Structures are given as C-alpha cells and as structure tokens.
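What follows is one structure encoded as structure tokens, with my remarks underneath.
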Amino acid sequence: MSNNNLIDEEVDDLEIVCTLCTEKIINAKFARCDSCGKSNHYNCAKITPTEQRSLELRSNRRLKFFCNDCTNGMSALPQILSTISVLQDEIKLLRQSISECKHRDTTSVDQQPQDFDIEQVIEEIADRQMKRRNIIFHGVIESEKLNVAERQAEDVQNVTKTLSLFNDNCPNIIMTARLGKKNSNKPRPLRVVLDDPRTVTSILKRKNLYKGPIGFSSDKTLQQRKHMLSLKNELERLNSIEGGQQKTIKYIKGCPKIVDIDLSKSLNSKNPSTSPTKSGSTTKM
Ligand SMILES: [Zn+2]
Ligand SMILES: [Zn+2]
C-alpha cells in the first residue's frame, strides 16, 4: 500500500509512520527507537530475526533499538560533549570579563572627582592665560654683569633689537627672566613678558621673517608641552605609515591638531562663505 500523497504534517497523531520509508505502519512488525520513540519497519531497519526476538521480549529486554538519526547523533556525541565543555569554559571567561568591566565602570565613576580635579583645571586655565603674554627667546647671549637690573636691561636691549629687525612696532616689555639654572655652555632661555597677548601672537606669526640665530616660541604650560609631545609622537607614527597622506600639526582656534598637509593649506586660504539658499519652503495647496 502506498501513501505517496500523504505529507508528514498531515499525519494523524494516532498513525505510526516509518521514518525510513515514510509510509504508514499497518499490520507490519516494527521497532520503536529507545531514544526518540520514532518507528521503523523491521525490514526498513534491517533488523535480523535474532534481534527481533530480543526486541520483542516483554521483560529483561537487554537489546536496545536506536533509529538511524539517534545512532548518528550518538556517534557525534563525544564531539558534541567536548564542544560543550569548550563553550562552558568560554562562557566562564566571558562572565569573568563582564564582571571585571562592570567593576571598572563603577570604580571609574567613583574615581572621577579625583581624576578630574576642577581646581587643577582652573589653575591650568589661569596659567595659560598668563603665559599668553609671554615669548620665550632662545640663544640670547647672557650678560656677564653682576647687577641683576643691569643684566635685565641688557636682555631687554637685545630683545628689542632683535624684534625691531622684523617687527615695526616696538612692543612694551613688562619684564624679563632667565629660565633654569645658569649654564656656562649656552645661554638660558629668556622669558619676555609683554603688555598685550595680541602683540605676542603677531610677533610669533611673523617670526619666519627673522633669519638670525635667535629662536622664538610661545610660553607653554607643562600640560601643553606634554600634549604637544604626544601629538608629535603620534604625527611621527602617522607619517611613518607608508601610503598614508603626510600630516602636520596645525593650530586651529589656538589648539594644536594633526591635519593632512593639503588640508592645512586649504585652511590658510579663505573660503568664500556659502550663503544658505532656501528651497521648497513654500507649499502650494
Ligand atoms: Zn518502513
Ligand atoms: Zn531515534
């Protein structure tokens, strides 16, 4: 008897179907899988007469019948078991790192007031504000005079002379100071305080016009110097990457930033501001 038009899903719960030939088991001997409970004709499962007798024992049945699916599954069992133990180990590690992350999160929130000291920030801002009036001169010969005032007067004279070479207006020098311990080998850097930070900016902008032995730089706080150092290291790293676009450090709104060399050129040229055009703002019924 054939039931070719019978589809699995339509099988009545009461009907037993052989999973090998997919036909209903009617008046035929069959074995039920001891693992999943699915049934197979004796013939389909190629169960020998001896096996059949053992399977049909009502009590003390030693022989077990496993269908093809279950037999295949059982042969894969050792591999499945070892995969499970690997997965269990991985889950353990993941749980560990998740709890570490959570721990780190909560501790970092707790530590925030210490890491982010508002007093330090205010101090840094004040320090930067003060240093905006300063220029550091390098290579200005130190006076041999014993009197401090006379030495300072000589420094002021040297600085004024140097600045007059490329700067039309003579800036108002408030004070000068040598930085660091006296060293016989080379002159110490000279901090020059001007009355107006704008003068400092204009002098530093024009410093390329000066072709002498003296160097100029802005007066930076420790934080700024640390930041600049890390930027320079990063710049070196980026520029050493082959095929990458060459980069440089550019001050944008007073902050040093790493930019592409082409981009830094385009930042110098003034872009005509594009006026926003209104379109589609009117609606017609
Ligand atoms: Zn069958
Ligand atoms: Zn089975």
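Confirm whether residue 53 is within 16 Å of ligand 2 (Cβ to nearest atom) and not acidic (Asp, Glu).
no
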Inset, instruction - Return a yes/no flag: does region 235-242 have any residue that is modelled with pLDDT of 90 or more and open to solvent by less than 90 Å² (accessible area, probe 1.4 Å). - result: yes
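So that you can scan it fast, the table gives a plain yes or no per residue for (1) among the hydroxyl-bearing types (Ser, Thr, Tyr); (2) in contact with a strand residue (DSSP E or B) (Cβ under 9 Å, 6 or more places away or on another chain); (3) surrounded by 10 or more Cβ atoms within 10 Å (Cβ to Cβ):
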{"residue": "174", "(1), (2), (3)": "no, yes, yes"}
{"residue": "182", "(1), (2), (3)": "no, no, no"}
{"residue": "187", "(1), (2), (3)": "no, yes, yes"}
{"residue": "190", "(1), (2), (3)": "no, yes, yes"}
{"residue": "207", "(1), (2), (3)": "no, yes, yes"}
{"residue": "221", "(1), (2), (3)": "yes, no, yes"}
{"residue": "231", "(1), (2), (3)": "no, yes, yes"}
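Here's a check for you: in region 27-48, which residue that is basic (Lys, Arg) and within 10 Å of ligand 2 (Cβ to nearest atom) is least open to solvent (accessible area, probe 1.4 Å)?
Step one: list which residues in region 27-48 are basic (Lys, Arg), which gives 29, 32, 38, 46.
Now narrow it down to the ones that are within 10 Å of ligand 2 (Cβ to nearest atom): 32, 38.
Details: 32: 131, 38: 96 Å².
Only one residue tops the list, namely 38.
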Inset, instruction - Kindly indicate whether any position in region 72-91 is at pLDDT 90 or above, more than 14 Å from ligand 1 (Cβ to nearest atom) and in contact with a helix residue (DSSP H, G or I) (Cβ under 8 Å, 6 or more places away or on another chain). - result: no
Legend entry - The listed residue being in contact with a Cys (Cβ under 9 Å, 6 or more places away or on another chain) and of a type in the set (S, T, N, Q), out of 221, 199, 160, 176: 160
Legend entry - Residues satisfying the stated conditions in region 117-146, i.e. assigned to a loop (DSSP other than H, G, I, E, B) and open to solvent by 100 Å² or more (accessible area, probe 1.4 Å): 132, 141, 144, 146
Inset, instruction - Please work out which residue is farthest from ligand 2 (Cβ to nearest atom), limiting yourself to region 56-66 and to residues that are within 18 Å of residue 18 (Cα to Cα) and among the hydrophobic types (A, V, I, L, M, F, W, C). - result: 65
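The values are calculated or read from the model by the stated rules, or taken from the named source; none is laboratory data. Remember, it's a predicted structure, so these values are computed and weren't measured experimentally. Quick reminder, even Gly has a Cβ in these numbers, built from the backbone with ideal geometry, and neighbours come from all protein chains shown. When the accessible area is computed, the model is the full protein with side chains, heavy atoms only, and any ligands, DNA or RNA have been set aside. Shrake-Rupley method; radii C 1.70, N 1.55, O 1.52, S 1.80 Å.
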